[in-house]
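The structure under discussion appears below in the form of structure tokens.
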Amino acid sequence: MRIYKVGGAVRDRLLGKPVTDIDWVVVGATTEEMLAKGFRPVGADFPVFLHPKSGEEYALARTERKSGRGYGGFTFHASPEVTLEEDLIRRDLTINAMAEDDQQNLTDPYHGQRDLDARLLRHVSPAFAEDPLRVLRVARFAARYAALGFTVAPETLELMRQLSVSGELEALTPERSWKEISRALMEDQPQVFVEVLRACDALKVLMPEVDALFGVPQPATHHPEIDTGAHTLSVLQQAAIHKQPLTVRWACLLHDLGKGLTPEEQWPQHIAHEFKGLKLIKAVNERFKVPRDCQELALLVGEYHTHGHRALELKPSTLLELLQSFDVYRRPQRFEEFIAACEMDARGRKGLEEKSYPQADYLRGAATAARSVAVQPLLEKGFKGPELGEAIKRERLKALKAYKAALS
Ligand code: ATP
Ligand code: MG
């Protein structure tokens, strides 16, 4: 049996990037031999094992053939006769289809190193088209390596486009898609993920609500970049620059979906886009079975981001309603994430990236003021049930009035 490092570990070592997880391929072995050596079998789909000590993944060399629609429609063949080259050809990109033995001798039949040097994301073979997930993977790698100058090879982009228009993307499960989307959003240039999906017509299929924002104008006074799609990409980019968590990045991507619904006669105004967008945000959330915290924040940011921007002009009663909607008393972190998303929205505008956002501290101060209302004295005064709730609200309103007065 011969064992090789494959995929990301080889690619990232050649790029001089830190290698986090190592995938191995085993040639010339049977499942029985692996089990006899103490490897633990994992995964119902493929002959993959975990190393008894390191826990790293070891896969038997295999070939794959498409036998139907979607990911389930794959048959694979693993046997000691499958060669390293045969295993590598089923992989997505040439830069992911290199292997290395324990002496760091490279096996690179599909010229991954040449494409690394040329900064190209290129598919290995026409079999690329057999798994539509690869469209998302390539877009994700484009986001990850954009800073190094990588782009998608034109012939690969064309193949991705064919996959997108063929309807194959619709066969992806929400779980597989979300895994790629969420990882891509956490890259340093998540906006490139969206750009690449758009360039190959996959965005129309996966998130038509986001695709619809391109070509929709906004008023130049607040949005020098004009285009709503361009704005959305900049907001996402700001979120990455400011190292925001996934919840905030997801909310940034979806915050303006309502603008895609504005009738053209109303352009560049977008009256009530916050509210109109909610059903679209909900649809995208559900399509990918997005985790609850991401879903929730996206909906709240969609509904209230303009409140955030107008924070300093809000009446104390409106400010209170905002804080109540966020339940800042029990969910302080979520309100912080809302503030962050608003700030990214404000910075994701052409030429305004460095502009200060005093609304952030103002909102934090308001939350602190409302939270400082103590319940105990009201209980001592004998308030109970709904009356207690009303009394707390009155006190919070008072606190917010005092907060606003002290600052003006
Ligand atoms: P990362 O740094 O994100 O882990 P990676 O290249 O190691 O990058 P993995 O998802 O860990 O990505 O997969 C390991 C290898 O398996 C890839 O480099 C690629 O060769 C192959 N691979 C994974 N998923 C697919 C797929 N859907 N289609 C083709 N090849 C794939
Ligand atoms: Mg990996």
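The values are calculated or read from the model by the stated rules, or taken from the named source; none is laboratory data. Note that the structure is a prediction, hence the values are computed from the model and not measured. No Cβ is skipped: glycine too gets one built from the backbone with ideal geometry, and neighbour counts run over all protein chains shown. Remember, those area values only see protein heavy atoms, side chains included, never the ligands or the DNA or RNA. Shrake-Rupley method; radii C 1.70, N 1.55, O 1.52, S 1.80 Å.
Counting only strands (runs of 3 or more DSSP E) that sit completely within the stretch 1-94, those holding 1 or more residues that are within 14 Å of ligand 2 (Cβ to nearest atom), surrounded by 14 or more Cβ atoms within 10 Å (Cβ to Cβ) and not assigned by TED's automatic domain parsing to the domain that holds His123 correspond to 2-6, 23-27, 48-50, 57-60. Residues in the stretch 1-15 that are more than 7 Å from ligand 1 (Cβ to nearest atom), modelled with pLDDT of 95 or more and not charged (D, E, K, R) were compared, and the one that is farthest from Ile95 (Cα to Cα) is Ile3. Selection of the stretch 303-337 for residues being in a loop (DSSP other than H, G, I, E, B) and open to solvent by 30 Å² or more (accessible area, probe 1.4 Å) yields Arg310, Lys315, Asp327, Tyr329, Arg330, Arg331. Within the stretch 348-363, the set of residues being free of Cβ contacts under 8 Å to residues at least 60 places away in the same chain and either crowded, with 16+ Cβ neighbours inside 10 Å or polar (S, T, N, Q) (or both) comprises Ser356, Tyr357, Gln359, Ala360, Tyr362, Leu363. Annotation: of all residues in the stretch 102-122 being farther than 14 Å from Arg11 by Cβ and in contact (Cβ under 8 Å) with a residue 24 or more places away in the chain, the one that is farthest from the chain's Cα centre (by Cα) is Asp102. Would you mind stating whether Arg198 is within 16 Å of ligand 1 (Cβ to nearest atom), open to solvent by 40 Å² or more (accessible area, probe 1.4 Å) and in a helix (DSSP H, G or I)? Spelling it out, it is not the case that Arg198 is within 16 Å of ligand 1 (Cβ to nearest atom), open to solvent by 40 Å² or more (accessible area, probe 1.4 Å) and in a helix (DSSP H, G or I). Taken residue by residue, the stretch 123-132 has no member that is among the hydroxyl-bearing types (Ser, Thr, Tyr), in contact (Cβ under 8 Å) with a residue 12 or more places away in the chain and in contact with a strand residue (DSSP E or B) (Cβ under 8 Å, 6 or more places away or on another chain). Can you confirm whether the stretch 147-155 contains a residue that is among the small types (Gly, Ala, Ser), open to solvent by 10 Å² or more (accessible area, probe 1.4 Å), farther than 18 Å from Leu133 by Cα and over 19 Å from the mean Cα position of the chain (by Cα)? Taking every residue of the stretch 147-155 in turn, at least one turns out to be among the small types (Gly, Ala, Ser), open to solvent by 10 Å² or more (accessible area, probe 1.4 Å), farther than 18 Å from Leu133 by Cα and over 19 Å from the mean Cα position of the chain (by Cα). I need the full set of residues from the stretch 206-244 which are open to solvent by 50 Å² or more (accessible area, probe 1.4 Å), at pLDDT below 95 and closer than 19 Å to Ala341 by Cα, in order please. Correct list: His222 only. Summed over the stretch 159-217, residues that are polar (S, T, N, Q) and within 27 Å of Lys243 (Cβ to Cβ) total 4. Of everything listed in (1) surrounded by 17 or more Cβ atoms within 10 Å (Cβ to Cβ); (2) farther than 23 Å from Gly7 by Cβ; (3) acidic (Asp, Glu), the single unmet condition for Glu130 is (2). Taking the criterion of being in contact with a Gly (Cβ under 8 Å, 6 or more places away or on another chain) and charged (D, E, K, R), would at least one residue in the stretch 67-78 satisfy it? Among the residues of the stretch 67-78, not one is in contact with a Gly (Cβ under 8 Å, 6 or more places away or on another chain) and charged (D, E, K, R), which makes the answer no. Restricting the stretch 372-408 to residues that are closer than 21 Å to Glu321 by Cβ and among the acidic types (Asp, Glu) leaves a set whose member that is surrounded by the most Cβ atoms within 10 Å (Cβ to Cβ) is Glu395. Name the single residue that is farthest from the chain's Cα centre (by Cα) among those in the stretch 298-342 being of a type in the set (Ser, Thr, Tyr) and within 20 Å of Lys393 (Cβ to Cβ). If we take residues in the stretch 298-342 being of a type in the set (Ser, Thr, Tyr) and within 20 Å of Lys393 (Cβ to Cβ), then Ser317 is farthest from the chain's Cα centre (by Cα).
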